[in-house]
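The values are calculated or read from the model by the stated rules, or taken from the named source; none is laboratory data. Computed from a predicted model, the values in this text were never measured in an experiment. So basically every Cβ, Gly included, is an ideal-geometry build from the backbone, and we count neighbours across all protein chains shown. Surface accessibility is based on the protein's heavy atoms, side chains included, excluding ligands, DNA and RNA. Shrake-Rupley method; radii C 1.70, N 1.55, O 1.52, S 1.80 Å.
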Amino acid sequence: MSRTLTIPRPDDWHLHLRDGAVLRAVLPETARHFGRAIVMPNLVPPVVTGAEAAAYRDRILSALPSGMDFTPLMTLYLTEDTDPADVAAAHASGLVTALKLYPAGATTNSASGVRDFDRVRPVLERMAEIGMPLCVHGEVTDPEIDIFDREAVFIDRVLDPLRRATPGLRVVMEHITTRQGVDYVKSNPENLGATITTHHLVINRNHLLVGGIKPHYYCLPVAKREEHRLALRAAATSGDARFFLGTDSAPHVDAAKETACGCAGCFTATNTLSILAEVFEQEGALDRLAGFASEHGPAFYGLPVSTDTITLTKGDPVTYPPRIDTGDGPVTVFDPQMPLHWRVT
């Protein structure tokens, strides 16, 4: 017997769409189910100014298939030369929703990111004044710090001092991957939220490394120990409004993943909702899926919850194509390594 669950149309609070042929191919995979998404600015070159954000938004909307309804929520890439006035003007106009902080060298296309955090304090102070959220890739890049410890060290060394120095700054810890990240959010009742990805609810570092390297499970921040995955699942399914969905769906063509120095990212846009329903059902928390996927994110960003709905139906196992074809080559869809029984109907 089938079972159904209807929730407000979800939003994705951390999404990579890329550009050009890849953008045109992957955008429908998100727009099919999601009404809005925070779009990452780490293109080459990065989206730094309001004018560049407007041009990128126009390219996204031009790539949207006829009949699909989707709103890209644009972000700017924070650099040490970012102009606080340009940021404030872009936010005031409604063009830009948030600013993204990448520590230099932390992830894909982050070479233009921040090295000296003192140099961006004027921007952060202006953001605190106007209530503009800062989306943070929370990892240190010190080569002496083990890659599995970079998030926890970032919280102590960078994030907590930064927030204390800038009272009122609204911060989203993007794609948290550790128990320490969960605990830090829980210990801060105001102006702090965190996105959790689909894939970090499903995989730990064994999935990446045991039996051979699995390049399509390689992402940044990298998947951690099982204890951290379980902490993320508990947070996501808890009903705590400080945690919400940001898929960090990050397409790379297979040739860039399956190589001696592969790119980081898991492409989950296609099957995220099926995976999430499965995870929440496993945790006995289907009644909290709407909060995580549809309600907590808009509340943090001060936006209305969607008045549209989607319905998930549980039945026979559902399969998805193993890859999406693009003009630049195929992109592999994330494999959760478990049967999926929920589909959007």
Open item on the list: Given the criteria buried (at least 22 other Cβ atoms within 10 Å of the Cβ), β-branched (Val, Ile, Thr) and touching a helix residue (DSSP H, G or I) at 6+ places or on another chain (Cβ under 8 Å), does VAL96 qualify?
Closed with: yes
TODO: Take region 4-15 and flag every residue that is open to solvent by 20 Å² or more (accessible area, probe 1.4 Å) and touching a helix residue (DSSP H, G or I) at 6+ places or on another chain (Cβ under 9 Å).
DONE: LEU5, THR6, PRO8, ARG9
Open item on the list: So, in region 30-72, exactly how many residues are open to solvent by less than 30 Å² (accessible area, probe 1.4 Å) and hydroxyl-bearing (Ser, Thr, Tyr)?
Closed with: 2
- [ ] Note down all Cβ pairs under 6 Å where the first residue falls in region 124-140 and is touching a residue at least 24 places away in the same chain (Cβ under 8 Å) and farther than 23 Å from VAL153 by Cβ, the second is in a loop (DSSP other than H, G, I, E, B) and among the small types (Gly, Ala, Ser), and they're at least six residues apart or on different chains.
- [x] ALA128/GLY168
TODO: Mind listing whichever residues of region 218-238 are open to solvent by less than 40 Å² (accessible area, probe 1.4 Å) and either of a type in the set (Ser, Thr, Tyr) or in a loop (DSSP other than H, G, I, E, B) (or both)?
DONE: CYS219, LEU220, PRO221, VAL222, ALA223, LYS224, THR237
- [ ] For region 164-193, enumerate the residues that are open to solvent by less than 10 Å² (accessible area, probe 1.4 Å), in a loop (DSSP other than H, G, I, E, B) and in contact with a strand residue (DSSP E or B) (Cβ under 7 Å, 6 or more places away or on another chain).
- [x] LEU169, GLU174, HIS175, ILE176
Task: Those residues of region 286-330 which are part of a strand (DSSP E or B) and among the basic types (Lys, Arg), in sequence order - done: LYS314, ARG323
Open item on the list: Suppose we filter region 318-333 for residues that are more than 15 Å from LEU23 (Cβ to Cβ), in contact (Cβ under 8 Å) with a residue 40 or more places away in the chain and either open to solvent by 20 Å² or more (accessible area, probe 1.4 Å) or over 21 Å from the mean Cα position of the chain (by Cα) (or both); how many remain?
Closed with: 6
Task: Every pair of residues 6+ apart whose Cβ atoms lie under 9 Å, when the first sits in region 231-256 and is within 23 Å of GLY327 (Cα to Cα) while the second is of a type in the set (Phe, Trp, Tyr) - done: SER249/PHE267; SER249/PHE334; ALA250/PHE267; PRO251/PHE267; HIS252/PHE267
